[in-house]
Amino acid sequence: MDLSWYRTLNKPPLNTPSEIFAPVWAVMYTLIFLSFSIFMFTKTDADKRPAITFFVIQLLLNFSWSPAFFYLHNIPLSFIIIILLLIFIILTIISFYKISKISAYLLIPYLIWVSFAAYLNFSIMILN
């Protein structure tokens, strides 16, 4: 990924170095995978379809943020995507909690990280 455009942007005071993002996302994707795996293997009579739908939507939003921000350079669009992502992470956590509390708890660091990313996205949008 070419970060030359990103390097030219004005950034907020709490901006983290670019080198931090890859390891943090590796941990986040591991937690997301574990959460979903535990959820899927939890035996229940409850309908899992709404939770799976929320999960898939948040994952699609997650994967669409980077192209919107880094390739299209569309900061407002990426901010809309990240707000929708936050909403669907919360819906996923609530839905997972009804089936598996552990699955829900494993997504809390992801929610916190994406909230921080939303702050960065919003700040960059305002500063540029």
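The values are calculated or read from the model by the stated rules, or taken from the named source; none is laboratory data. For clarity, every value in this text was computed on a predicted model and none was experimentally measured. Ideal geometry is used to build each Cβ from the backbone, glycine not excepted, and the neighbour counts take in all protein chains shown. All accessible areas refer to the heavy atoms of the entire protein, side chains included, with ligands and DNA or RNA removed. Shrake-Rupley method; radii C 1.70, N 1.55, O 1.52, S 1.80 Å.
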Among the candidates Phe54, Phe69, single out the residue that is within 23 Å of Ser37 (Cα to Cα) and either touching a residue at least 24 places away in the same chain (Cβ under 8 Å) or of a type in the set (Asp, Glu) (or both).
-> Phe54
Taking region 92-113 and keeping residues more than 13 Å from Lys48 (Cα to Cα), of a type outside the set (D, E, K, R) and without any contact (Cβ under 8 Å) to a residue 40 or more places away in the chain leaves Tyr105, Ile108, Leu111, Ile112
For Phe55, state whether it is farther than 16 Å from Ala118 by Cβ, modelled with pLDDT of 95 or more and among the aromatic types (Phe, Trp, Tyr).
-> yes
Which one is most open to solvent (accessible area, probe 1.4 Å), of the residues in region 51-86 that are of a type in the set (Ser, Thr, Tyr) and within 18 Å of Ala22 (Cα to Cα)?
-> Tyr71
Could you please find all residues in region 78-116 being in a helix (DSSP H, G or I), over 14 Å from Phe63 (Cα atoms) and among the aliphatic types (A, V, I, L, M)?
-> Ile87, Ile90, Leu91, Ile93, Ile94, Ile99, Ile102, Ala104, Leu106, Ile108, Leu111, Ile112
Would you pick out the residues in region 118-128 that are assigned to a helix (DSSP H, G or I) and within 15 Å of Pro76 (Cβ to Cβ)?
-> Ala118, Leu120, Asn121, Phe122, Ser123, Ile124, Met125, Ile126, Leu127
Could you look through region 18-50, keep only residues that are of a type in the set (Gly, Ala, Ser) and farther than 14 Å from Ser95 by Cα, and pick out the one that is least open to solvent (accessible area, probe 1.4 Å)?
-> Ser37
Any chance Leu9 is at pLDDT 95 or above and part of a helix (DSSP H, G or I) | no
